[in-house]
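Since every read-out is calculated from the coordinates, none of them should be taken as a lab result. Being a predicted model, the structure only gives us computed values, none of them experimental. For neighbour counting, all protein chains shown are included, and Cβ atoms are generated from backbone atoms with ideal geometry for every residue, glycine included.
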Amino acid sequence: MVFSSMSFLFFFLPALIILYYLIPKRLREARNLVLLVFSLFFYAYGGARFLLLMLVSIAVNYVCGLVAGGKHRQALRRWGVIAALVVGLGLLGWYKYAGFFAETLNRLGTGLPIPQVVLPIGISFFTFQGLSYVIDVYRGDAKVQRNPLRVALYISLFPQLVAGPIVRYTTVAEEIGGRKESLPEFTQGAVRLLFGLAKKMLIANAMGRVADDIFSMNAATLSAPVAWLGALAYTAQIYFDFSAYSDMAIGLGRMFGFHFLENFEYPYISRSIREFWRRWHISLSSWFRDYVYIPLGGSRCRVPRHIFNLFVVWLLTGLWHGASWNFVVWGLWFFVLLLGERYLWGGLLERLPGAARHVYTMLLIVIGWVFFRSDTMGNALTYLGAMAGRGGSTGMATYYLLEYWPEWIAAVIACLPVKVALERALDRRIERPGYRALRVWGPRCLALVLLALSYMSLATGAFNPFIYFRF
Amino acid sequence: MKKKSLGDILFAALFVGLLLAVMLSAVLREKGTVSYYENRTLAQRPALTAAGVLSGSYFSALDSYLSDQAPLRGTISKLSTWADIYLLCRPVVNNIVVSKDMLLAYTTFEALDAEEVTAKAESMADSLSALRDLVTGYGGYFCHVAVPGQGAYYSDRYPDYVNSRADYYAVEREAFSAAMARRGVDLLDIGDVFEAMGNPEDYYSPVDHHYTYYGAFAAYQAMMEHINETTGYDLHIYSDADFSFEEVEGFRYMGSRLRPLFGLVDLNETLMIGAPEEDIPFTRYDGGVEVEPVVFNLQPDSMGNLSYTIYMGGDIPELCIDTNRPELPTILIYGDSYTNAVETLLYTGFDKLYSIDLRYYYELSLAEYIAQVQPDIVLCIRDYSVLLSSEGNGTVFPN
């Protein structure tokens with residue numbers, strides 16, 4: 001099930017809201033049970049056959065959590081973590097990477113059979129969440145959760161189940177047992193949900209149509225303007241698609257009393273690749289930082305070791321996104337850039353004007369997205385060649401600009417922290433007549449207008465993919 | 001914790017109320033079966049099966065059903081189309097290139113692979129050559145007629161930044177013509193005929209992908225002249241002197257380019273019909289069943305409009321018009337909808353006119369049908385956009 005669908009918005013969500021809030025606040029476990037049941041249904045909607053995998057993941061992490069976090073010998077506790085890692089990563093490895101590795105080994109002449117495995121939705125997300133619980137419990141950052149339903153709720157909670165953000169157990173541990181739902185929180189959550197929905201329906205989908213059109217063409221025939229438009233469209237699509245989902249997840253969580261951490265902080269205003277990764281998919285980058293990079297030694301080691309640590313993190317980051325060499329190259333692309341900023345040109349970069357740094361950063365990010373989006377490495381390189389003017393003379397750049405001009409403008413504006421600037425401007429004038437009402441009602445009225453526009457798009461459109469569903 | 005305010009209560013009530021209102025409306029309202037302006041059937045509630053639930057296909061179908069049956073979908077679609085055309089001024093709306101005097105089909109850009117086009121042309125010519133041999137084997141005559149579609153005819157009316165397919169059509173016509181000539185298969189390109197006449201403006205519709213009745217009449221004349229020249233028959237060819245045109249008044253022409261735009265563009269074309277001065281009585285059989293002997297169906301559709309289906313009643317899988325004049329030859333016409341308008345004219349020159357549309361006719365293959373009927377003349381009429389396609393009416397010899 002996707003958030004931007006009739007079934008979720010107008011059936012699942014109102015049914016959940018009514019059932020959930022009919023239960024008195026004091027019956028916390030009953031409310032949790034309703035959330036759990038709805039979350040499992042949400043996951044089963046995409047194919048009930050994968051529900052078993054989800055339940056296995058929950059069971060394994062629950063048991064391993066008991067072992068890892070209990071008052072046992074250190075060795076036994078460590079085995080709890082290892083077991084969780086082996087099973088969790090093993091399942092992830094099989095479902096997501098078995099085919100990729102078999103194909104890669106076959107290119108070396110091994111002749112292995114290539115397993116045809118269907119990728120369960122959201123496996124990367126819920127695997128990492130489960131592991132986060134066991135590791136946090138082992139480290140003592142969180143208490144063991146003896147109630148299996150609460151562990152199940154944490155892992156399967158529908159707002160972030162299939163496309164993140166990756167919610168650390170420590171973030172929601174207390175809220176699972178003792179959150180305080182309130183009408184102001186519900187309202188703010190709903191407003192956030194509707195803004196996210198609009199980002200998805202009104203901007204991401206349109207940019208996706210442009211990107212899909214252009215990337216489906218033979219890259220060698222593309223003129224430079226068209227190739228650039230395609231790359232920029234994808235740059236917009238992936239941001240608005242993914243951040244929209246995070247907005248909706250955060251909003252939905254808030255409606256039910258959960259406070260997830262932000263996952264995006266206007267990444268396209270970054271002035272270095274380092275800054276970009278502090279603003280982009282924050283939950284993933286921080287997960288790798290805390291569970292891979294720092295345990296390996298982070299940057300508090302000698303240079304060769306640091307380089308190795310960075311290499312491992314970015315190799316895994318690329319692989320996490322997909323079982324394809326394109327994603328590996330994409331991850332290593334950022335490895336090289338981060339290495340460069342750290343040890344080679346970082347100082348020079350700092351001395352450049354802000355605009356130049358921004359152009360530098362965006363150029364490198366867009367190039368990275370070409371690797372990410374292309375079907376094969378060959379296509380990616382040909383596409384980049386077209387961007388550099390070595391393609392053909394395919395026109396239609398004007399078409400894509402004229403046809404989607406409202407969406408291009410909206411995308412540029414929405415990339416910038418306009419909302420933040422507006423809120424600050426209104427806050428400074430809050431005592432003046434009318435500004436308080438505008439500050440309070442402006443976002444709400446806009447949210448309802450965006451709901452109407454999103455509904456229009458939903459009712460009339462058939463193009464509604466969620467690209468992060470394959471992770 | 002923040003204190004709740006009246007504003008919070010109002011917003012929450014409005015938000016949840018709207019969600020519930022849509023839910024109830026979606027459940028309670030009567031479901032539609034057809035979308036007139038999209039010209040397609042709407043998804044119906046899927047059957048609940050264990051296999052469907054396990055695989056997720058049931059829910060996927062359910063989502064399609066809910067989207068298709070969304071409350072106010074029709075009104076919203078119309079409003080959205082109006083906004084796209086008049087507010088946002090998008091050049092392409094609902095896959096139609098919109099200008100103030102012409103509505104054309106939008107095609108995504110495609111890199112022209114001349115070698116691939118040539119190979120397809122050779123392959124199609126091979127099939128048609130075999131068909132020609134089949135027809136001439138019993139003493140018949142075969143001719144393939146290539147007709148420009150509206151997009152090809154008005155390719156110069158596309159904006160520069162949209163794909164007009166002009167390059168593709170040029171390569172296609174040349175390759176097909178050469179391939180057919182090498183195999184000695186008779187080909188009549190109506191595009192050449194119209195170009196020689198200066199591409200008259202009133203030959204093609206500004207709101208539909210077909211020719212107008214004037215264009216169909218000119219094509220009919222060209223076909224009959226070609227048949228007479230090639231076969232030696234002396235078939236009567238109607239002209240302005242003994243054929244009268246008549247406007248169909250009182251109805252809007254909801255052409256195939258206008259319909260996706262909900263008729264919101266102010267382009268009105270009058271549909272034309274016609275009749276020879278001297279009436280030619282006939283019996284008509286659709287699928288072997290005798291039907292009303294008319295070639296024009298002036299029954300308006302559910303929205304009170306008329307469309308290109310007034311010609312012959314639309315795409316009929318198989319029909320026969322018997323004029324009971326055994327001194328004249330028989331003709332079989334097969335092809336897509338461009339056959340319909342010319343059939344209203346061609347029947348006048350033959351004893352029997354047979355027509356099949358292989359997109360909908362499955363009883364016999366084309367070769368089997370020809371072998372059974374053995375028409376004196378076999379005419380294939382296809383437009384440039386499907387000229388080299390081996391599907392539908394390009395399936396000369398299945399398997």
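Remark: the A:A425-A:V292 segment gains 43.8 nm on full extension, using 0.36 nm per residue and subtracting the alpha carbon distance. Across peptide B:58-70, the average count of Cβ atoms from other chains found within 10 Å of a residue's Cβ is 5. Normalised by the number of residues in the stretch B:29-71, the mean separation of alpha-carbon contacts (under 8 Å, six or more apart) gives a relative contact order of 38 percent.
Remark: mean inter-chain Cβ contacts per residue of B:75-84 equal 3, using a 10 Å Cβ-Cβ cutoff to other protein chain atoms. Global size of the stretch A:186-409: 18.7, 54 Å for Rg and Dmax (C-alpha atoms, Rg to one decimal, Dmax whole).
For chain A, the Kirkwood hydrodynamic radius comes to 23.9 Å, computed from all pairs of different C-alpha atoms.
Each label was represented as a point 7 Å from its Cα along the Cα-to-Cβ direction; for A:R351 and A:A102 these points are 5.5 nm apart.
Given 25 °C and 0.890 mPa s, compute D for the stretch A:33-179 with the Stokes-Einstein relation, Rh being the Kirkwood radius over Cα pairs; round to the nearest whole µm²/s. Using the Kirkwood radius from Cα pairs, D works out to 153 µm²/s. Normalised by the number of residues in chain A, the mean separation of alpha-carbon contacts (under 8 Å, six or more apart) gives a relative contact order of 18 percent.
For a modelled paramagnetic label at A:Q74, 7 Å from Cα along Cα-to-Cβ, no residue of the stretch A:122-138 is in reach, as no backbone nitrogen comes under 11 Å. Counting only other chain Cβ atoms within 10 Å of each residue's Cβ, the peptide B:97-104 averages 0.
Arranged from fewest to most other beta-carbon atoms within 10 Å of their beta carbon, A:V167, B:V386 become B:V386, A:V167. If you take all other residues with their beta carbon under 13 Å from the beta carbon of B:G288, and give Lys and Arg +1 and Asp and Glu -1, the sum is -4. Run through the DSSP bridge list for the protein assembly as shown and note the antiparallel percent, rounded to the nearest 5. Taking every DSSP beta bridge within the protein assembly as shown, about 55 percent pair in antiparallel fashion.
Extension gain for B:D202 to B:L10 (0.36 nm times residue separation, less C-alpha to C-alpha distance): 63.2 nm. Counting only alpha carbon atoms, the long axis of helix B:57-68 and the longest principal axis of chain B meet at about 90°. Computed over the stretch A:315-470, relative contact order equals 14 percent, with contacts defined as Cα pairs under 8 Å that lie 6+ residues apart. Summarising the strand pairing of chain B, around 55 percent of its internal DSSP beta bridges are antiparallel. Cβ crowding within 10 Å ranks B:I310, A:I82, B:I316 as A:I82, B:I316, B:I310, fewest other Cβ atoms first.
Where only DSSP H runs of four or more residues are counted, chain B gives -11000 deg cm²/dmol as its mean residue ellipticity at 222 nm, each run worth -39500 (n - 2.57). Counted by Cβ distance under 11 Å from A:K25, the other residues give a net charge of +4, where Lys and Arg count +1 and Asp and Glu count -1. Both numbers refer to the Cα atoms of chain B; Rg and Dmax are 25.1, 97 Å.
Adding -39500 (n - 2.57) for every DSSP H run of four residues or longer, then dividing by how many residues chain A holds, sets the calculated 222 nm ellipticity at -21500 deg cm²/dmol. As a proxy for reagent exposure, B:T107, A:T317 were ordered by neighbouring Cβ count within 10 angstrom, fewest first; the result is B:T107, A:T317.
Indicate the gyration tensor shape class of the stretch A:329-471 (rounded, prolate or oblate), computed on the Cα atoms with a ≥ b ≥ c the square roots of the eigenvalues: a/c under 1.5 is rounded; otherwise a/b larger than b/c is prolate and the rest oblate. Here the stretch A:329-471 falls in the oblate category. Summing Lys and Arg as +1 and Asp and Glu as -1 over all other residues whose Cβ lies under 12 Å from the Cβ of A:L458 gives a net charge of 0. The B:V289 and B:E269 beta-carbon pair, evaluated with R₀ = 51 Å, returns a calculated FRET efficiency of approximately 0.95.
Between B:A114 and B:V248, the contour length at 0.36 nm per residue exceeds the alpha carbon distance by 43.9 nm.
Is the shape of the stretch B:29-71 rounded, prolate or oblate, going by the alpha carbon gyration tensor and its root eigenvalues a ≥ b ≥ c, with a/c under 1.5 for rounded and a/b larger than b/c for prolate? Prolate, because a/c is 1.5 or more and a/b exceeds b/c. Quick check: from the Cα gyration tensor, does the stretch B:294-399 come out rounded (a/c under 1.5), prolate or oblate? Verdict is oblate for the stretch B:294-399.
log₁₀ I(q)/I(0) of the protein assembly as shown at q = 0.08, 0.10 Å⁻¹, via Debye over equal Cα point scatterers, no solvent, to two decimals? Cα-only, vacuum Debye calculation for the protein assembly as shown: -0.88, -1.18.
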